[in-house]
Amino acid sequence: MLAWLAALALLPWWLGLPLLLALAAALLLQLHWPAEHARLLRRALRWGLPGVMVALQRALGGGAFGVGAALLGALAGYTLLAGMEAWLDRDLRRAPAGTTSDAEWPELARAPIGPPARIIELRPPEWRAASAELADPRGGSLQWREGSYLFADGMQLEAGEQCDFSPGGRWFAARPERGRRLLLCDRDHHRCHRLRGWNLYGWDGEQPWLQRREGDMPVPLEHVSGSRGRRSM
């Protein structure tokens, strides 16, 4: 390419310019050139244009007028060259986008979006009044004595007069007959949560869901700010 540029700079501009126009015409005729040959013709146009402008500047005497004419000619030439290349590449810009989109659309439509959904079905609590003896889902019995619950393993809790277990017995819930003080005990981690102003709405498996007031959306225990009031059993 450097040799090509130098050759056009040494030739008279009226010989170099027709050579460039012939190369441009060959590209515009869209002959069945191999891809490598088409790229070579484009490079010849890009590198040859400065050589022709140098030849033009020499022919005009090398003064300010010659330099200005050469710069304007280079600006006009590269503008036309950019427009010609954009027109030649019009199909290459459109075809890949449509083809790729059409080919990938079925895969995109079948691809999962986000984490898999899970339907939460809450089992309502079954509040039972404290009595002399209640069955523990984990075995043994639960006894009520003087305002406290006594478990078979020796654990004792002071709580309200109504109670319920989660389906598997991991959680124990208790509340008074009147008032809004809820006790939730995680028997696996030996933690109790005393929550004021919350009601037990239901069980999602072994997890409690709570409700502030009638009609509110129930939320899991970890979303309840009152759960900070917890203590070890």
> Residues with amide H under 5 Å of Ala159's amide H, sequence separation 5 or more or different chain, H placed in the peptide plane at 1.01 Å from N; which?
Replying inline: Tyr149
>> At 1.4 Å probe size, put Ser166, Ser141 in order of accessible surface, largest to smallest.
In response: Ser141, Ser166
>> Give me the extension gain from Leu134 to Ala64: residue separation times 0.36 nm, minus the current Cα-Cα distance, reported in nm with one decimal.
In response: 14.4 nm
>> I'd like to compare 75-88, 174-187: which one has the highest average count of other Cβ atoms within 10 Å, and what's the full order after that?
In response: 174-187, 75-88
> What nm distance separates the two modelled labels at Arg178 and Met217, each placed 7 Å from Cα along Cα→Cβ?
Replying inline: 3.5 nm
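The values are calculated or read from the model by the stated rules, or taken from the named source; none is laboratory data. As the structure is a prediction and not an experimental result, all values here were calculated from the model. Quick reminder, even Gly has a Cβ in these numbers, built from the backbone with ideal geometry, and neighbours come from all protein chains shown. Protein only, heavy atoms only, side chains kept; ligands, DNA and RNA dropped before computing areas. Shrake-Rupley method; radii C 1.70, N 1.55, O 1.52, S 1.80 Å.
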